[in-house]
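Heads up, the thing below is written out as structure tokens.
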Amino acid sequence: MIKETITILNENGLHALPASRFVKLAEKFKSRVELIKDGVKVNGKSIMGILTLACEKGAKVILVCNGEDEKEAFNALRQILEGQD
Amino acid sequence: MPKEKILHGVPASKGVAVGKAFIYEIKKTEIFQTPILSVYLKDEVSRFEKAVEKTREELKKIKEQINREIGEDFGQFLNAQIMMLEDETIIESVKQRIFNEKKNVEYIYNEVISEYAKKLGESKNAYFKERVVDIYDVGERVLKNLLGVSHTSVLEAPPGSIIVARDIPPSEATLINPKNVVGIAMELGGRTSHTAITARAFEIPAILGIGEFINKVQNGDDIIVDGERGIVIIHPGSGRISFYEEQKKKTQQIAKALLPACELSPETRDGKRIDISANIEFFAEVDHAVKYGAVGIGLFRTEFLYLARRGSPSEEEQFKVYNALAKKVRPHPVIIRTYDLGGDKIFSDYHEANPFLGWRAIRVCLQETDFFKTQIRAILRASVNKNIKIMFPMISTYEEIKRVKLIFNEVKQELKSKKIEFDDSIQLGIMVETPSAALMGPLLAPEVDFFSIGSNDLTQYTLAVDRGNERISQLFDHFHPAVLKLIKETITAGHNGNIWVGLCGELAGDPLAIPLLVGLGIDELSMSPSSIPKAKLVLRTLTIAHCQEIAQETLNFRTALEVKKFLNRVVRKKFPGIEDLMK
């Protein structure tokens, strides 16, 4: 399991396009993907889940990937959160 | 047998239809709550899974249909719905709550959907807020599938149907099958609604904005849609039906008689060629244009690209449509008109007191330059096909055309620096549809490659008449001497500046107007595809010298009525039997 705190750097926060890109990408991996913010944990493969977190730019979230391809998943998803993809 | 009743509405698409009512209704599903025994909870879950699967298939089908008929990528907005349907959080929470609360899936699912819709509605992000409609849409579909209520779709309309509806949502309007649907009668909607646009594209007669009436109609009832008079007749008597059947037969005979004319070359008896082209708004309409013998597309309206989806289409989406269009019409030309809607359609939901005199068309584009450049880039990229011309609407000042050209050249430079190919000699023209542009013709002509007179708006702005207003619509007349004078000035100014001048309003397709316009020296006439054969027949009976005499004389009259009486006499003399064709 990889678990690390990441600061959202995407200009508009984790909204609209980045959020749906995040979900689409997360679905490609076998690993379980979770996001935790302020003690609330959501499924990273769910747009509704991510939405309930309301991540603005500068927010800190914990990205958790757990499974056989967790390393690849973590690195790819982190780039979306950091707005570098 | 209920009594015959005549209903009035907005004639959104012309023609007459007699058919059987097919009621399209969006029924609100009734949700009930019932306890479920523990042993049956698994069955609830599997019912849920099946309903989700069925809904996914439905959404995919609609998406494919939209992509096929409107343009590739335009069904993409349904992706958001599919994503919500498949959302793991929603699905997991439904399953969990079924086991925890031991209640039926319809009840649980409805609760969950409402909860998330509320969350979306509270979001500060506009994109998420707008998705509330989608989540309810998806929710309804799933619930219908759970309850086994068949989701009526316009797709199911049998041959000879007249669709009767309160409203048809955009995603549904695009599914109307012109082979089965002969007419449309709707309680809501106006001339610019999706349904209206689809109806016109497929030449299906339609009356919209009728007001409440569908509770008076049942599936299979006889019904008549008269797009010429703007009426719908429910429970028509047998006399009425035979009258309309007769009229329909006559229209079809005329259409058949005109068919050979499609192939004719568009020229006067003495050999002067006038390009007769088509006004279209859908890619799918190119087939009509070709069938009726159009020499190219004189006006491709791009508004539908903006209305068919939510928000503004990307450069790539637009490029695909323009490129496919150019390829299909080649070697004939295509004139693409840039954004010609009010700014409210894209940028905000504000309301203007006076939208036709407001923030619209080029005025929006010159303020929202990134938005404007996206469209120009897409058009320029498609111009590699070498048959595209670009046209800007609603020009009313000299500065506007200067600024348009500045931006246009900036985009060209940008493409060059990126080594993206385009047609550097692409023709650039403007719509002449404001009196100011018509009067400024001599100053505007040196700035552009062509003028296209938009006679509908030119009439509206010159006579200060909103034709949609029933109380004054009789004042709207494109044969008004003031309008004709402006048309003459525009053509003269264009020719003095060595550019060609076309006309793309309804006037172009009016057989009465053709001798006059040819006499004034018009180079191109662009009209709705079905008007083309008639226009060719009229054109081929004329000689230039005679048309010039006609034009000269026409300009002496004082009223639109005098003009029309005179032209009627002239055309009838030249072309006996024309009145049969002018119905």
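Any read-out appearing in this document is the output of simple, stated calculations on the displayed coordinates, not a laboratory observation. This structure is a prediction, so every number in the text was calculated from the model and none was measured. So basically every Cβ, Gly included, is an ideal-geometry build from the backbone, and we count neighbours across all protein chains shown.
Could you work out [θ]222 nm for the protein assembly as shown from helices alone, using -39500 (n - 2.57) per DSSP H run of at least four and dividing by all its residues? Round to the nearest 500 deg cm²/dmol. It would help to have the intermediate numbers written out before the result.
Values: 26 runs with 302 residues, N = 668.
It lands at -14000 deg cm²/dmol.
Work out the length of the dipole vector of region B:329-433 about its Cα centre, built from +1 on the beta-carbon of each Lys and Arg and -1 on the beta-carbon of each Asp and Glu, and round it to the nearest 20 debye. If you can, show how the numbers build up before the last one.
On the way: 17 positive and 14 negative charges, 114 e Å.
Its charge dipole is roughly 540 debye.
Using every Cα-Cα pair within region B:339-498, state what percent have a distance larger than 23 Å. The partial results should precede the final answer.
Numbers: 5704 of 12720 pairs.
Percent of Cα pairs beyond 23 Å in region B:339-498: 45.
Give a residue-ordered list of calculated ³J(HN,Hα) values for region B:497-508 (Karplus: 6.51 cos²θ - 1.76 cosθ + 1.60, θ = phi - 60°; whole Hz; x for Gly, Pro).
Going residue by residue, I get x, 6, 10, 8, 10, x, 9, 10, x, 5, 4, 4 Hz, with x marking Gly and Pro.
May I have the extent of the alpha carbons of region B:166-260 along their three principal axes, as whole Å values ordered from largest to smallest?
Extents along the principal axes: 37, 33, 22 Å.
Rank the residues B:528, B:38 as a footprinting-exposure proxy: fewest other Cβ atoms within 10 Å of their Cβ go first.
Placing the least packed residue first, the sequence is B:38, B:528.
Please report, in cubic angstrom per residue, the volume enclosed by the convex hull of the alpha-carbon atoms of chain B. Walk me through the numbers on the way to the answer.
Values: hull volume 96.9 nm³, N = 583.
Taking the convex hull of the Cα positions in chain B, it is 166 Å³ per residue.
Read phi for every residue in region B:355-364 and hand back ³J(HN,Hα) as whole Hz from Karplus 6.51 cos²θ - 1.76 cosθ + 1.60, θ = phi - 60°, with x for Gly and Pro.
In residue order, the calculated couplings are x, 6, 10, x, 7, 9, 6, 4, 5, 5 Hz.
Hey, could you pull the Cα Rg and Dmax for region A:2-81, both in Å?
Rg then Dmax for region A:2-81, in Å: 11.0, 32.
Which of the lysines could be linked to residue B:249 by a straight reach, that is with a Cα gap under 20 Å, when you skip same-chain ones fewer than 8 residues away?
B:14, B:20, B:179, B:534, B:583
Calculate one ³J(HN,Hα) per residue across region B:205-219 by plugging θ = phi - 60° into the Karplus curve 6.51 cos²θ - 1.76 cosθ + 1.60, and present them in order as whole Hz with x for glycine and proline.
So the Karplus estimates, Gly and Pro as x, are x, 8, 10, 10, x, 6, x, 4, 7, 5, 5, 8, 10, 10, 3 Hz.
With labels modelled as points extended 7 Å from the Cα through the Cβ direction, what inter-label distance (nm, one decimal) is found for residue B:92 paired with residue B:46?
2.4
Extending each Cα 7 Å along its Cβ direction at residue B:561 and residue B:61, get the distance between those two points in nm, one decimal.
5.7
Using the structure shown, list the pairs from A:71/B:50; B:250/B:327; A:28/B:63 with a Cα-Cα distance above 26 Å, or answer none.
Values: A:71/B:50 34 Å; B:250/B:327 37 Å; A:28/B:63 22 Å.
Beyond 26 Å between Cα atoms: A:71/B:50; B:250/B:327.
Percent antiparallel among DSSP beta bridges with both residues in the protein assembly as shown, to the nearest 5? Kindly include the intermediate steps, with their values, before the conclusion.
Working: 34 of 74 bridges.
In the protein assembly as shown, approximately 45 percent of DSSP beta bridges are antiparallel ones.
List the residues whose amide H sits under 5 Å from the amide H of residue B:13, counting only those 5 or more places along or on another chain, with H placed 1.01 Å from N in the peptide plane.
B:206
Any idea what log10 I(q)/I(0) is at q = 0.09, 0.13, 0.19 Å⁻¹ for region B:433-583, Debye with uniform C-alpha scatterers and no solvent?
Per q value, in the given order, log10 I(q)/I(0) is -0.27, -0.57, -1.22.
Subtract the Cα-Cα distance of residue B:203 and residue B:256 from 0.36 nm times their separation in residues, and report this length gain in nm to one decimal.
Details: separation 53, 0.36 × 53 = 19.08 nm, distance 1.56 nm.
Full-extension gain reported as 17.5 nm.
Tell me the label-point distance for the pair residue B:409, residue B:469, using the 7 Å Cα-to-Cβ offset, in nm and rounded to one decimal.
Spacing of the two 7 Å Cα→Cβ label points: 4.2 nm.
Going out from 0 in 20 Å bins, what whole percent of all Cα-Cα distances in the protein assembly as shown drops into each bin?
16, 44, 30, 10, 1
Can you tell me the mean projection area, over all orientations, of the convex hull of region B:38-147's alpha carbons? Units nm², please.
Details: hull surface 27.9 nm².
The directionally averaged projection comes out at 7.0 nm².
For each of B:174, B:374, count neighbouring Cβ atoms within 10 Å of the residue's Cβ, then give the residues from fewest to most. Don't jump to the answer; show the numbers that get you there.
On the way: B:174 25, B:374 21.
Fewest-to-most Cβ neighbours within 10 Å comes out as B:374, B:174.
Out of all DSSP beta bridges in chain B, what portion is antiparallel? Express it as a percent rounded to 5.
Details: 19 of 59 bridges.
Antiparallel: roughly 30 percent of the beta bridges in chain B.
For the protein assembly as shown, what is the charge dipole size about the Cα centre, in debye to the nearest 20, if Lys and Arg each add +1 at the Cβ and Asp and Glu each add -1 at the Cβ? Intermediate results must be reported in sequence, preceding the final value.
Details: 92 positive and 91 negative charges, 208 e Å.
Dipole magnitude for the protein assembly as shown comes out near 1000 debye.
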